[in-house]
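Quick notes on the structure that follows.
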Amino acid sequence: MKKKTFRNLHRDLGYFYIGLIVSFALSGLMMNHRDMWHPEKYTTETKAIQVQLPEESGINEEFAKDLAKKLGVDDKMRRQTIKEGTFKISFENNDVEIDMKTGKGEIVSFIKTPIISQAMSLHKNTSNFWIYYSDIFALSLITIALTGTIMVKAGKFSFKERGWKLALAGVLFPLIFLFLLA
């Protein structure tokens, strides 16, 4: 293939995917910081509660559903957990957290943030269509990256002289980071 063909492919794929690249990047940033900011939803009401909890062995999914009814939470339950002395029940539009020792807690009601919650779902969606589209997108990003390596003419800034070192550093950096975490 000629250099011009690679340049045209690089340019056209870049134009085609620019919107998806930007939306993936923004939703990825939000996903990275979702524990600090909760961009996917916003709180509409917080209500303090006091309940009598049984021993931890008596807490199960059925108990969580019954407790939700007693607390007036009419919502689809996702999961219930006990972690670090706190009993948590997660619903579609509510979260319940109760201290296991004191029985004090709160019900937090929230609404999904328009547009942002849908954009963040791009990173979580598992439908077959989206998986295949994401695979094509990933392969296109690889193509964009590889065709970009030959766009700079020979010289001190070319891929052959300088670019491969930066590309290698770009591969090694996350690997070193992963090894340090292990």
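At-a-glance table
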read-out: Share of Cα-Cα pairs in segment 1-94 lying beyond 19 Å, as whole percent; value: 63 percent
read-out: Surface/4 of the Cα convex hull for the chain, nm²; value: 15.5 nm²
read-out: Listed residues Gly19, Gly58, Gly28, most fluctuating in the chain (Gaussian network, C-alpha, under 10 Å); value: Gly58
read-out: Potential lengthening between Arg162 and Gln118 on full extension [0.36 nm per residue; Cα-Cα distance subtracted]; value: 11.8 nm
read-out: Rg to Rh, two decimals, where segment 54-158 supplies the alpha carbon set and Rh follows Kirkwood; value: 1.31
read-out: Computed [θ] at 222 nm, deg cm²/dmol, the chain (DSSP H ≥ 4; -39,500 (n - 2.57); rounded to nearest 500); value: -16000 deg cm²/dmol
read-out: Helix runs (DSSP H) in the chain reaching 18 Å along axis by Cα, Kyte-Doolittle at least -0.5; value: 3-32, 128-149, 164-181
read-out: Relative contact order, percent, the chain [alpha-carbon distance under 8 Å, six or more residues apart]; value: 26 percent
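Rule-based calculations on the coordinates, nothing more; no lab input. Treat the numbers as computed from the prediction; the structure is a model and nothing was measured.
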